[in-house]
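My structure is below; once you've seen it, I'll send some questions.
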Amino acid sequence: MINEDSQKAGQAAIDMTLNALGVWSKGAQAIATEVIDYAKKSAESSAQAWEKLAGAKSLESAFEVQSQYARSAYQEFVAETAKLSELYVEFATEAYAPLRAAFSAPSARA
């Protein structure tokens, strides 16, 4: 009886661990994908700004190109930070769910 209960508890712990690792893997992959996409967009935007800057006919025009680039880069950064924050919150909530369920289960309190 005790051996059977130990096996069930051990299997439950293994299942919970595998579930948590799956959630961690999925969350880390989503965050990495988002960061890579942002890096690509940022590099493309930077290259376009350099092309415009190289084609500027005057110093005033060059300052305007730089100002527009800085403004758009900042706005994109803020938007990306908000998106990543949402992903991290979602990731943490999903990753904690198996642990919360395990620790709130009646057998965990006994």
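Just checking, does the range 32-39 include any residue being surrounded by 10 or more Cβ atoms within 10 Å (Cβ to Cβ), under 30 Å from Ala102 (Cα atoms), of a type in the set (A, V, I, L, M) and in contact (Cβ under 8 Å) with a residue 60 or more places away in the chain?
No: zero hits.
Give the residues of the range 1-31 that are touching a helix residue (DSSP H, G or I) at 6+ places or on another chain (Cβ under 7 Å) and either of a type in the set (Gly, Ala, Ser) or exposed (fewer than 11 other Cβ atoms within 10 Å of the Cβ) (or both), sorted by residue number.
Within the range 1-31, Ala20, Gly27, Ala30 qualify.
Which residues, taken from the range 73-110, are surrounded by 13 or more Cβ atoms within 10 Å (Cβ to Cβ), at pLDDT 90 or above and over 14 Å from the mean Cα position of the chain (by Cα)?
Ala73, Glu76
The values are calculated or read from the model by the stated rules, or taken from the named source; none is laboratory data. A quick note: this is a predicted structure, and the numbers were derived from the prediction, not measured. Note that each Cβ is placed from the backbone with ideal geometry, even for glycine, and that neighbours are counted across all protein chains shown.
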